[in-house]
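**Student:** Below: one structure in structure tokens.
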């Protein structure tokens with residue numbers, strides 16, 4: 001197939017590009033520049049353009065047609081409408097990357113399915129994704145614009161730590177300092193390695209039966225946050241990390257930038273039913289457990305000192321929260 005990825009160097013898109021190219025598809029990436037963290041795989045075409053500038057896109061791809069167009073960097077209805085205007089009549093499938101954070105919070109019931117309600121009063125990012133989905137479904141119903149909607153949950157690769165505070169958390173663990181864990185650490189969270197995600201994702205590309213459908217793609221490994229943190233600690237060489245549990249609402253007040261992502265997503269248990277995507281992509285199995293993923297992450301960070309950035313602001317917030325928790 002001829003596949004256009006808008007983006008292509010992010011956590012999800014880079015693995016999908018590798019997967020698609022390895023299966024023999026002709027992959028083109030449209031973005032504004034290269035990434036040194038996730039280099040473009042050999043054999044993948046790169047064209048330079050800004051998808052927010054229609055003239056720039058037309059200049060980059062001309063009048064080319066694509067079997068599949070995937071936009072990894074669309075976040076608002078205005079951006080999605082721009083894609084509809086650009087690619088109507090030029091692709092057999094348009095794939096939009098939504099988010100599992102769009103599911104109703106608090107979560108009304110588990111497991112979460114594609115039919116679960118969408119509503120997130122805490123996070124504007126999630127509300128924008130819902131509005132994008134609504135616009136795309138209307139375009140599909142009204143004009144036949146060939147959409148497929150994907151809802152990833154927490155997908156990671158070796159370059160990112162899936163905990164609030166990033167590398168500062170690992171640095172604190174290694175120095176024997178307290179680390180803040182939202183809530184009581186027992187709520188369940190699902191982590192998916194990007195290479196596993198790519199297996200199911202690329203399997204849906206060009207699939208006629210996937211047009212007009214919505215899919216969530218995650219692993220089947222749901223773990224308490226305490227286990228996520230202790231697995232990271234062991235990968236970092238720390239056997240007994242000091243975890244201090246603080247209410248999510250308290251953390252959100254202490255650091256407003258963290259609030260929407262915690263209250264609108266991570267504070268709630270999430271367990272996903274992947275039976276739908278497995279029915280469409282029968283060979284999809286997530287095979288990379290979190291213990292292997294955590295080890296991969298720590299190896300990557302430890303390979304280069306410049307990657308191990310400790311944030312003074314994060315340390316200050318953690319210290320303040322720990323002091324308050326000790327007084328309670």
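**Student:** Here are some conditions: (1) touching a strand residue (DSSP E or B) at 6+ places or on another chain (Cβ under 6 Å); (2) outside any helix (DSSP H, G or I); (3) farther than 13 Å from residue 185 by Cα. Residue 240 meets all but one. Which one does it not meet?
**Tutor:** (1)
**Student:** While we're looking at this one, here's another question. Being in contact (Cβ under 8 Å) with a residue 12 or more places away in the chain, crowded, with 20+ Cβ neighbours inside 10 Å and in a helix (DSSP H, G or I) is the requirement here; does residue 149 meet it?
**Tutor:** When the stated conditions are applied, residue 149 does not pass them.
Yes/no per residue for (1) modelled with pLDDT of 90 or more; (2) not in a strand (DSSP E or B):
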position: 41; (1), (2): no, yes
position: 47; (1), (2): yes, no
position: 60; (1), (2): yes, yes
position: 73; (1), (2): yes, yes
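**Student:** Confirm whether residue 89 is in a loop (DSSP other than H, G, I, E, B) and within 29 Å of residue 276 (Cβ to Cβ).
**Tutor:** Yes.
**Student:** Counting only residues that are out of contact with any helix residue (DSSP H, G or I) (no Cβ under 8 Å at 6 or more places or on another chain), part of a loop (DSSP other than H, G, I, E, B) and either at pLDDT below 95 or crowded, with 23+ Cβ neighbours inside 10 Å (or both), how many does the stretch 92-108 have?
**Tutor:** Residues in the stretch 92-108 being out of contact with any helix residue (DSSP H, G or I) (no Cβ under 8 Å at 6 or more places or on another chain), part of a loop (DSSP other than H, G, I, E, B) and either at pLDDT below 95 or crowded, with 23+ Cβ neighbours inside 10 Å (or both): 3 in total.
**Student:** Any residue that is over 20 Å from the mean Cα position of the chain (by Cα) and in contact (Cβ under 8 Å) with a residue 12 or more places away in the chain - is there at least one of those in the stretch 116-132?
**Tutor:** No, the stretch 116-132 contains no residue that is over 20 Å from the mean Cα position of the chain (by Cα) and in contact (Cβ under 8 Å) with a residue 12 or more places away in the chain.
**Student:** In addition: Would you check if there is a residue in the stretch 75-82 being assigned to a loop (DSSP other than H, G, I, E, B) and within 27 Å of residue 207 (Cα to Cα)?
**Tutor:** Looking for residues that are assigned to a loop (DSSP other than H, G, I, E, B) and within 27 Å of residue 207 (Cα to Cα), one finds at least one in the stretch 75-82, hence yes.
**Student:** Sticking with this structure for a sec: Can residue 130 be described as in contact with a strand residue (DSSP E or B) (Cβ under 7 Å, 6 or more places away or on another chain), at pLDDT 95 or above, outside any loop (DSSP other than H, G, I, E, B) and surrounded by fewer than 21 Cβ atoms within 10 Å (Cβ to Cβ)?
**Tutor:** Answer is yes for this residue.
**Student:** I'd like to know if the stretch 258-270 contains one or more residues that are touching a helix residue (DSSP H, G or I) at 6+ places or on another chain (Cβ under 8 Å), surrounded by fewer than 17 Cβ atoms within 10 Å (Cβ to Cβ), in contact (Cβ under 8 Å) with a residue 12 or more places away in the chain and part of a loop (DSSP other than H, G, I, E, B).
**Tutor:** Looking for residues that are touching a helix residue (DSSP H, G or I) at 6+ places or on another chain (Cβ under 8 Å), surrounded by fewer than 17 Cβ atoms within 10 Å (Cβ to Cβ), in contact (Cβ under 8 Å) with a residue 12 or more places away in the chain and part of a loop (DSSP other than H, G, I, E, B), one finds none in the stretch 258-270, hence no.
**Student:** Kindly establish whether residue 277 is over 21 Å from the mean Cα position of the chain (by Cα), assigned to a helix (DSSP H, G or I) and at pLDDT 95 or above.
**Tutor:** So residue 277 fails the test.
**Student:** Now a separate question. Can you pull out every residue in the stretch 87-115 that is over 21 Å from the mean Cα position of the chain (by Cα) and within 20 Å of residue 265 (Cα to Cα)?
**Tutor:** Selection gives 108, 109.
**Student:** For residue 66, state whether it is assigned by TED's automatic domain parsing to the domain that holds residue 209 and surrounded by fewer than 19 Cβ atoms within 10 Å (Cβ to Cβ).
**Tutor:** Taking the combined requirement at face value, the residue does not satisfy it.
The values are calculated or read from the model by the stated rules, or taken from the named source; none is laboratory data. Since the model is a prediction, treat every value here as computed from it, not as a measurement. All Cβ positions, glycine included, derive from the backbone under ideal geometry; neighbour counts span all protein chains shown.
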